[in-house]
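What follows is a single structure, written as structure tokens, with notes after it.
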Amino acid sequence: MFNTFDYHITSNLSFLKESKLLIAISGGLDSVILTHLCHELKLDISLAHCNFNLRGKESDDDEDFVLELAENLDLEVFIERFSTEEFAKDQKLSTQMAARDLRYNWFSELAESLHFDYILTAHHADDNLETFLINLTRGTGLSGLTGIPEINDNIVRPLLSFSRQELEFYATKHNIKWREDSSNASDKYLRNKLRHHVIPVLKETNVNLLQNFKTTLDHLNDTSDIVEESLRAVAKRAIIDIDEHKMVLDVLPFKKANNPKAYLYEMFKDYGFTAWDDMVGLLEAQSGKQILSDRYRLVKDRAHLILTHRNTQEDEAHTECSRSALKDTFIIHTLEDKTQTPAGTLSFDEVDAVVGNQSRVVFVDKSKLKFPLSLRQWQEGDVFYPLGMKGKKKLSKYFKDEKLSLVDKEHVWLLISEEKMVWVIDRRADERFKVTESTTHILKITLSVSSSKVEYM
């Protein structure tokens, strides 16, 4: 097996030979064999072991085993102990998912702080088949059937082309010891049920199961590339704009597609949506119709779909304002250097002159302001005197003229002085507070908003 492993690294993963590597080691067969193979190949490796404290003395014995192995091979080793059950409870995760998050977060921290180029995990061909079957039984799209990637950012899995049987044979031949996780014998988890009861029957039916499965994955990945290419072509035509609040898409490219549902699924599946028939209906729906996932919403606005984060309490926490502040009026008492508000950070600076036409900046006559100022979201019936125009205008009419979407209007905030609108923030100043020749004190008001774009796929 070593010769095959050496050839695989040289042919397909040659970059590992010149890299600083961190091996995730549990003490089980897979990670122990990966460690021995990489050590024999003289790769630059260190070990990282997680003690999740889930199996009492057995977990501690695993840790001791890894420490002894590292000493015998003269390898650097890192050990981290986790309160996994407490973390799972706090984060409302299953124990398995909590352990996974803790493990990969720690690996990433180690890699970044100690400059490891890649993290190696010991997933093998049987793991790949198990993952495929798990996704299949739970329901998935094409992406869920393409297997575990051999390379995913800085995570590399050099054993994916090897079976567990090959690993066991190598361990027996070279008298390599490993630890058995007692939880692997339990049928509590779906993965173990498949491993113990389903896959053995499949292997008995077809002795070439793993090789045929690999061929199938190769074909599915080729098909996935075609799907991705087609999806990106539609996305390029559909995506109109992305900013800190939303992603705006034209409905026409979806409506013109032979299978709109398929494109909508591939475009939005990562945002947690599941009502795909309703989403197709959204293409023909009236403005204001929306579909929700746990964290996102998709809104129909005229000829567009708009993807935004849902306005949950957690989403609003970054404004450092309470939920009541968002519903009521936010008060600005003084001209401090910076004032944190629901709309962003407002800065007030006295200046000598009006300079340029800057974004998110307004210049006003300070003497016309009466403190405290207030900040609130717009309401039906609001009117203002748009800078450069004579007379007043309803905000709703201004929004219509400016072609603001439903989502855009939700993010409009108003700066108010004694019930008079000073600034439709980031959009239009009010004529009544403008700087004139008689102005003696010019106040520059700047809005700073942290970027939090909705990322596409």
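The values are calculated or read from the model by the stated rules, or taken from the named source; none is laboratory data. Quick caveat: nothing in here was measured; it's all calculated off a predicted structure. Here Cβ is always computed from backbone atoms with ideal geometry, including for glycine, and neighbour counts include all displayed protein chains. SASA here: full protein model, heavy atoms, side chains in, ligands and nucleic acids out. Shrake-Rupley method; radii C 1.70, N 1.55, O 1.52, S 1.80 Å.
Here region 332-457 is treated as an ellipsoid with the same Cα gyration tensor; its semi-axes, largest first and in whole Å, are 23, 19, 14. Computed over the chain, the P(r) curve from all C-alpha pair distances, binned at 20 Å from the origin, holds 19, 39, 29, 13, 1 percent per bin. Centre-to-centre separation between the Cα atoms of region 64-103 and those of region 105-130: 13 Å. Cα-based values for region 147-255, radius of gyration first and Dmax second, are 21.6, 64 Å. Measuring against 29 Å, Cα to Cα, the residue pairs LYS256/LYS289; LYS366/LYS390; LYS236/LYS392; LYS57/LYS89; LYS92/LYS255 contain LYS236/LYS392; LYS92/LYS255 as the ones spanning a longer distance. Using a 7 Å offset from Cα along Cα-Cβ at ASN3, what residues in region 146-162 end up with backbone N under 18 Å from the label point? Of the residues in region 146-162, 162 have backbone N under 18 Å from the label point off ASN3.
A Förster radius of 56 Å combined with the Cβ-Cβ distance from LYS392 to SER143 puts the calculated FRET efficiency at roughly 0.55. Across region 10-123, the convex hull enclosing all Cα atoms gives 105 Å³ per residue. Step through the table entries LYS368/LYS420; LYS214/LYS261; LYS393/LYS444; LYS409/LYS434; LYS300/LYS403, compare each Cα-Cα distance with 19 Å, and write down the pairs that go over it. Over 19 Å apart, Cα to Cα: LYS214/LYS261; LYS393/LYS444; LYS409/LYS434. With contributions of -39500 (n - 2.57) from each DSSP H run of at least four residues, the per-residue ellipticity at 222 nm computed over the chain stands at -11500 deg cm²/dmol. Given a Förster radius of 45 Å and the C-beta distance between GLU350 and ILE242 as r, what FRET efficiency does 1/(1 + (r/R0)^6) yield to the nearest 0.05? After rounding, the FRET efficiency stands at 0.80. Looking at region 192-272, the pairs of alpha carbons with a distance over 20 Å make up 55% of the total.
Extension gain, LYS214 to LEU41, is 59.7 nm, computed as 0.36 nm per intervening residue step minus the present C-alpha separation. Among the trypsin sites (Lys or Arg not before Pro) within region 46-150, those in coil by DSSP and having at most 11 neighbouring Cβ atoms inside 10 Å are LYS92. The DSSP beta bridges internal to the chain are antiparallel in roughly 75% of cases.
At a probe radius of 1.4 angstrom, the accessible area of region 177-320 per residue rounds to 61 square angstrom. Rounded to the nearest 0.05, what FRET efficiency is calculated for THR274 and GLU437 with R0 set to 45 Å and r the Cβ-Cβ distance? Computed FRET efficiency for THR274 and GLU437: 0.15. The per residue volume of the convex hull around the alpha-carbon atoms of region 22-77 is 64 Å³. Accessible surface comparison of THR345, THR329, probe 1.4 Å, protein chains only, largest first: the order is THR329, THR345.
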